Structures are given as C-alpha cells and as structure tokens.
1. I need the phi-derived Karplus couplings for the range 182-189: 6.51 cos²θ - 1.76 cosθ + 1.60, θ = phi - 60°, integer Hz, Gly and Pro marked x.
2. Where a Cα-Cα gap under 26 Å defines reach, which lysines qualify for Lys107, not counting those fewer than 8 residues away within the same chain?
3. Against the longest alpha carbon principal axis of the chain, how many degrees, from 0 to 90 and to the nearest 10, is the axis of helix 110-150 turned?
4. Beyond 31 Å, how much of the Cα-Cα pair distribution for the chain remains, as a whole percent?
5. Hey, got the dipole for the chain? About the Cα centre, +1 on K and R Cβ, -1 on D and E Cβ, debye to the nearest 20?
6. Grab the eigenvalues of the alpha-carbon gyration tensor for the range 92-158, scale each by 5, take roots, and send me the semi-axes largest first in whole angstrom.
7. Taking a Cβ-Cβ separation under 4.7 Å as the criterion for a possible partner, which cysteines of the chain have none?
8. Long-range amide H contacts for Ile187: which residues qualify at under 5 Å (H placed 1.01 Å from N, peptide plane, sequence gap of 5 or more or a different chain)?
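What follows draws every value from the coordinates through simple rules; no lab data is involved. Just so we're clear, the structure is a prediction, and the values are computed from it rather than from any experiment. Here the Cβ positions follow ideal geometry from the backbone for every residue, glycine too, while neighbour counts run over all protein chains shown.
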Amino acid sequence: MNASSSCNNETVANGQCHGLSICGWCYDYGEARIVSKEYETFNSIVISFLLPSIGFLGLVGNGLSAFTYSRKEMVSSLNVYLCALACSDIVIILTAFFLFFMESMRKRSEAITYYFAVLSPVMFPLGLTAQTLSVFITVASAFDCLILVAASERVRNMFCSVWTSLLILFIIVCVAFLYNSPHMFEIYVVDCWSMPYGAVSKDVCPTALRSNPAATSQNNRLEP
C-alpha cells in the first residue's frame, strides 16, 4: 500500500484507494447481476446450511465407498472404477464447499476473503477437473459392466482386468487435466483495498481469456 496515496470520493469513483484497486472493481462489484432480497435470503440458507449438511453426508458416503472398494478383498476392474469415482466425488464436494460456501462468507470475514482469493486459482480448475473425471469414470465403468455381461470370456480377460482399469484411469486423469487446463488461465489474484474492512486484501479478477465472450460460450457448450 502506498501510504502517500489518498482515498477519497474521486479516487474511489475511479476504482482506486491508497494506490490499490478497490476489491471488486475488476468485476463491477457484482452489480451487473441484480437479484431480489428474497433470492439472496434463499441462496444464503441453501449455501450456508443445506450445502454443508448434504456435503458432509456425501463426504461420509464416498469416504466409506472409497475405503470399501480399495480393500484387497474387493479388488476387481469394476471396483477400481468405483473407488476412483468415490475419490473424484470427494474432490467435487470439497471444491464446491470452497467455491460456494466460502464465497458466500466473504462478506462476513476478512480472513475468508483473503484465503478465498489466494486458493481460487487452484480450487476452480481442480473442481472442474474432478467433474470431468466423474463423468469419464462413470462411462468407463459402464463399458466395463457391459463387457462383463455381454462379451466373451476372451474379451473379458483382455479388458476387464485391474491392470487395464488402472491404465484407463491414468488416461482419463491425463485427458481431464488437459481438457480443463485452460481454466487455469481464466482468473488471477490481485492485491486490492477492501472498503468494508479498511485494509489491504486480495481479490480474484477475470483474465482476458475469461472475459472473452467467444471463449466463455465455447466453454459453456463443452462443459460436461
């Protein structure tokens, strides 16, 4: 922060305070999205109470599934997929909790505002990658079931093995990370001045890639 820089109505109108951009300036403080008070109340209830409750149950369920399918006695080609699916769903729940619950708490805590901005460039693409993984793993497990039921024994021995499942999982992970890699370049972290807290903080701003309508519409069509 530049202590010699002023912060008055004129500088605030230009998005500057104490030599720093005002937090929220790069996305118009979210004012482009006008919502009713009733919607904000409903959204707050869902994100603050229902999402953590359902997410906790999901973590417990998927944790138990991953533990069960990873036991030596349960090793099979299908269970490899199911274990990986449970793990990817756990990542989805954790990143959703961060991106939705933590984001809604930014107005209530300076520390949450700071760490949300710092971790968002990682959590955002990680959550989308986990979603892609879940879709691809579900399709792979469905094909595994189809081969187990409908194919000959020779084909089953060739494709429905643990080694083959692990190889396919490795390919899926690589494809999912490559497919979602552009999201790593859609946001960046900036130092800014927080007007509510009157202190230096950090914020997340969209890059030129994120602000490009053509790129955004293409991503929306391709999202699984």
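1. Calculated HN-Hα couplings, in order: x, 5, 5, 10, 9, 9, 8, 9 Hz.
2. Result set, ordered by chain and number: Lys37, Lys202.
3. 20 degrees
4. Summing the P(r) tail past 31 Å for the chain gives 38 percent.
5. Rounded to the nearest 20 debye, it is 480 debye.
6. 43, 9, 6
7. Cys83, Cys87, Cys145, Cys160, Cys174
8. Residues meeting the amide H criterion: Thr207.
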